[in-house]
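Participant: Below: one structure in structure tokens.
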Amino acid sequence: MDWQDGLGLNLDLAENCHPGVLQTGGQESVGMVTSNGKSPSQFFVHKAMGLVSHVVHEEHLAALRKGNLGIGHTRYATSGHSDLLNCQPFVVETIVGCIAVAHNGELVNAAKLRQKVLRHGVGLSTSSDSELITQLLALTPPEEEADGPNWVARIRNLMVKSLAAYSLLILHQDTIYAVRDPFGNRPLCIGKLHATASLHGQGVVDVKTEGWVVSSESCSFQSIGARFERELFPGEIVQITSTGYISLDVVPRPNDAPPAFCIFEYVYFARPDTIFEGQMVYTVRKRCGRQLALEWPVEADVVSTVPESATPAALGYAHQAGLPYVEVLCKNRYVGRTFIQPDKRHRQLSVAKKFGVLRDNFAGKRIVLVDDSIVRGTTISPIIRLLREAGAQEVHIRVASPPVRFPCYMGINIPTREELIANSPEFEDIATFLGADSVQYLSVQGLVQAVSNDVGCHNRDLGKKMSTVMNGARDGESMCRQTIGGSSSGHCTACLTGCYPLPLEW
């Protein structure tokens, strides 16, 4: 069946896979690739450096509309430099036609895999893990392919060789494959796209599914008229065609290891209206704030926040502490997120442009200022100085996550221990170093408790759903237990504890 015939209506693919609906995931570059589902070697591609709103224009969308299935990506650098060469999706011509790959995450054994590809005589033109993944998929898997490419075997071969950390979208001719690593470290979910097929005076007569969308975060679905369907299971391979989607396989973790979803997605990275593990990120952040108030109360007059990702935690703290919540900072919305700026100089310049003070709300008062995390300390110190200069009597910092002490090798920009403020000599007296009256952090146990509060109910539902999806393939019951985890919280806390979910290979 042709993709457009299968959809019934000619929906605007270029708008629907527009990565601007999730610009928070990366601000350095944007890329979009579409296919008409017929030609094995013709893709329509647009890539550029910058924000989506700045570099994707109507003429680019017009060219992309020649396709009727596609993938999009926004990037910030974790491995590979910040330049157009590393912009995704990567497109590679193979013996079975073009493939395009969009990747979120970072391969923990990239160096070893890079050597494997080079030994096969394949050149790599970038330092990006995403190109490496694309070339690994292009290599013939161990299984024979007498009747064309066996994409399940190719993808499974990649996943067995590298267990973390990634979510992938792979476009080949008339099919998209969605893939989540076996540890479930990076998020990925499916949405159902609806369109009204016919109308009369009474309203909608017939509404049917018009397509399927996949995203790192469920919040992107609403803006294109899609509805959240479900998250991919850790290790799951899903095939999407014109007739719908089907789960092809679930690659297990070794030694019955628990899943390891990145806990920092809850702390900072995700948009607050996103759903992870059956719970809204906003609600989890508010629980973190309440727990923080229980662990670290202080005599104060008002509670406020470093906008905007810390706002739910500040509201939770204020509610638990019985203090009024006020705004003390106004944010310049035209300045991007400081944490995902590629280098220190850009981060510091961004802070100076980013905030103004609302003096009338706090002059002469003792402030509890809640932040979601302090990684390098480059953002919070100038903010404290701004508040003191504007008349704050006291500034007490409360951080709704534990100190970040270890690098992340799985897709978050925390590259070295030396640049983490929690490892600096100044951390012994962090309040003096930052210019605050006191600084306290949420405990690891408190964070895990806040994040895991509703996960138990979600996992019970997930087990039932997974048994249905797998339809008895392999041992459904044991696979459910292995995929959703046992007694572990199922979250990666490596950046906080140094306990990585799998051995790191260099």
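Participant: If you stretched the chain out fully between Thr241 and Arg119, how much longer would it get, using 0.36 nm times the residue separation minus the C-alpha to C-alpha distance?
Facilitator: 40.5 nm
Participant: Output the relative contact order of segment 275-449, whole-number percent, from Cα pairs under 8 angstrom with separation of 6+ residues.
Facilitator: Worked out over segment 275-449, it gives 22 percent.
Participant: Let me ask something else. Mind checking the full-extension length gain between Ala431 and Leu294? Use 0.36 nm per residue of separation minus the Cα-Cα distance, one decimal, nm.
Facilitator: Result: 47.3 nm gained on full extension.
Participant: Return Glu308, Glu394 ranked ascending by Cβ neighbour count within 10 Å, so the fewest neighbours appear first.
Facilitator: Glu308, Glu394
Participant: Using only the Cα atoms of segment 276-339, what do you get for the radius of gyration and for Dmax, in Å?
Facilitator: 12.8, 36
Participant: For Thr416 paired with Ser223, estimate the spin-label separation in nm (one decimal), with each label point 7 Å from Cα along the Cα-to-Cβ line.
Facilitator: Those two pseudo-labels are separated by 3.5 nm.
Participant: What does the charge add up to near Cys219, with Lys and Arg as +1, Asp and Glu as -1, over the other residues with Cβ less than 11 Å from its Cβ?
Facilitator: -1
Participant: Report the net charge of residues surrounding Leu163, where surrounding means a beta-carbon distance below 9 angstrom and charges are Lys +1, Arg +1, Asp -1, Glu -1.
Facilitator: +1
Participant: Something else now. Please compute the length gained on full extension between Lys161 and Val91, using 0.36 nm multiplied by the number of residues separating them and subtracting their Cα-Cα distance.
Facilitator: Answer, rounded to one decimal: 23.0 nm.
Participant: While we're on this one: Fewest to most neighbouring Cβ within 10 Å: what's the order for Thr175, Thr311, Thr416?
Facilitator: With the fewest neighbours first, Thr175, Thr311, Thr416 line up as Thr416, Thr175, Thr311.
Participant: Where does each of Met410, Met159 land when they are ranked from fewest to most other beta-carbon atoms within 10 angstrom?
Facilitator: By the 10 Å Cβ count, ascending: Met159, Met410.
Throughout, read-outs are computed from the coordinates displayed, never taken from laboratory work. None of the values given here were measured: they were computed from a predicted structure. So basically every Cβ, Gly included, is an ideal-geometry build from the backbone, and we count neighbours across all protein chains shown.
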